[in-house]
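First comes the structure, then the notes that go with it.
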């Protein structure tokens, strides 16, 4: 099995080729869709500009993104069926950010989530304005003890109900963040899942 080339992935994602290939593939997969010359031209231009290898890598990224979204959506549906869920945002103090590695902070997040619920999914994000690292998480819980996180930073939570329109946005939102996390500095997609519990 070939090793994943994260540098190439990052290059492809920066170019916007993934979006072009996705639009082209969606247009060709839907026979009822009116063919768009703009989409065709954009695809041909991308092919000539970046080459077939970039197009193939974009398709791999899009396929992985689709699978990841599907897994997340199914996981969240399972969690919602279990009962009340909370959407958490976990941030870090300057002291924590300056004195720990990203891997260590990820462990802090995972340990905290394990302490509040058997069922959770979380991933890394970077602030739009200053690139500040933080995490978003969904946990199956009516309430959690926020005070135990204050050692590392601040935490904010909101209830997510089955009929809440935010449920439909969560998988897409988390998937967007995971794509953002694929870059040279991270070398991985930082999604944290709880272990499946056998009934």
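Laboratory data are not the source of any read-out in this text; all were calculated from the coordinates shown. Model, not experiment: these values are computed from the prediction. Heads up, the Cβs are rebuilt from the backbone with ideal geometry, glycines too, and the neighbour counts pull from every protein chain shown.
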Additional length obtainable on full extension of the chain from residue 36 to residue 81, 0.36 nm per residue less Cα span: 12.1 nm
Would you mind classifying segment 6-69 by shape? Square roots of the alpha carbon gyration tensor eigenvalues, ordered a ≥ b ≥ c; an a/c under 1.5 is rounded, otherwise it is prolate if a/b is larger than b/c and oblate if not. oblate
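Arrange 147, 117, 36 by Cβ neighbour counts within 10 Å, fewest through most, would you?
With the fewest neighbours first, 147, 117, 36 line up as 147, 36, 117.
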When a/c reaches 1.5 or more, the comparison of a/b and b/c decides; with that in mind, is segment 1-147 rounded, prolate or oblate per its Cα gyration tensor? prolate
Pull out the extension gain between residue 27 and residue 93, defined as 0.36 nm times the separation in residues minus the alpha carbon to alpha carbon distance; nm, one decimal. 19.1 nm
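Based on the Cβ-Cβ distance of residue 8 and residue 132, what FRET efficiency does E = 1/(1 + (r/R0)^6) give at R0 = 30 Å, to the nearest 0.05?
0.60
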Order of 80, 27 - criterion: other Cβ atoms within 10 Å of each residue's Cβ, fewest first: 27, 80
Order by protection proxy (mean Cβ within 10 Å, highest first), peptides 152-160, 83-91: 83-91, 152-160
Linear extension gain, residue 15 paired with residue 143, 0.36 nm per residue minus alpha-carbon span: 41.9 nm
